[in-house]
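Report on the structure given below.
Coordinate-derived values only; no laboratory data. Not measured: the values here are computed from a predicted model. Positions of Cβ are generated from backbone atoms using ideal geometry, with glycine treated the same way; all protein chains shown enter the neighbour counts.
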Amino acid sequence: MHIPTIFDNDYEGDIERYSISDEKFHHLEKVLRVKNDSIVKLTNGRGLISSGRISNKFITISETELKQRDNKVNIFIAKLHDKTRMRLLIEKLTELGVQSITIAPTENSQKINITPEKINSWIIGAIEQSGVPFAPELLIEKKIDFEKFPHSFDISGDNISNNIKLKNFAIGPEGGWSKEELERFKHISKLSNFTLRSDTAALVAVSLMM
C-alpha cells in the first residue's frame, strides 16, 4: 500500500501535531484522494521520518525514526538536452539514495537552461512519491573537479569489479568525454560492451556501486 509522504525541510520531529500547508493539503486531498484518518509520512530529507494520521489539515504524529544513510555515493552528471530525461534521471537518483548530485558543463555537453530551483523541485517530488527519507545534496559547479571525481566510465575501461569501491564517480555527457578529459581520470571502468545513454549509464553505475 502506498503511503503519501510530505517533505518539509524545516521539520525537526519535535512536535506531536503537524500543520499541513494549503498547497500540500490540496495535493493530498484533490490529487492523491487522501481521506481523514489515513496514514501519512513526513520527512525533512535528512533521515528523519515520522508517520501519523491525518485529520483535516493536521497530522497527529504517532511514530518518529531517524534513518542512517546506507551508502555514500556521489555522482557527477552533465545536463541532458532532453528535460524530460533529465527530470527522470534526477528523480531516479533521488529514489536510489545517492548522497550528492554535482552538475557542471563538460567539453561536449550541451547548453540547456534548467535552474537549481527546478531541479530541487524534482528532488522533492521524488521524495514525496517514493517515501525515501534522504534528499541528495545538489551542487551546481562551473566545471568538473577531477580530484573529487577520479572515476568514470568508457567502453575502453577496466572491468568495473576492479573499481567497485570507488563511490565518487562521473558520468559522461551525451557527446561523450573528450580525449583530454578521459586522460584526467585516475580510474576508468566499463559498464557495457556498448555505448549507453548518459542517463542509463548513471542509473546502472549507481545500482552497481551501492
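What are the chymotrypsin sites (Phe, Trp or Tyr not before Pro) within region 132-198 that DSSP puts in a loop, where the Cβ has at most 16 other Cβ atoms within 10 Å?
Sites meeting the loop and neighbour criteria: F146, F194.
Picking from S21, S51, S100, which is most flexible by a Gaussian network model of the chain using Cα springs under 10 Å?
S21
Once the other residues with Cβ under 12 Å from the Cβ of S156 are scored (Lys, Arg +1; Asp, Glu -1), what is the net sum?
Computed value for this residue: -1.
Any chance you could check the Cα centroid distance between region 3-66 and region 137-210 for me, in angstrom?
Between the Cα centre of region 3-66 and that of region 137-210, the gap is 37 Å.
Which Cα, out of I123, S198, I188, lies furthest along the positive dipole direction of region 53-210 (beta carbon charges, K/R +1, D/E -1)?
Farthest towards the positive end: I123.
How high is the relative contact order of region 37-131, in percent, counting Cα pairs under 8 Å that sit 6 or more residues apart?
23 percent
Between 0 and 90 degrees, rounded to the nearest ten: what's the tilt of helix 198-209 against the longest Cα principal axis of the chain?
Long axis of 198-209 versus the principal axis of the chain: about 80 degrees.
Using the Kirkwood radius over C-alpha pairs as Rh, can you work out the diffusion coefficient of region 1-105 via Stokes-Einstein at 25 °C, viscosity 0.890 mPa s, in µm² per second?
157 µm²/s
So, with +1 on the Cβ of K and R and -1 on the Cβ of D and E, and no other charges, what is the size of the charge dipole of region 74-209 about its Cα centre, to the nearest 20 debye?
Using Cβ point charges on Lys, Arg, Asp and Glu, region 74-209 gives about 60 debye.
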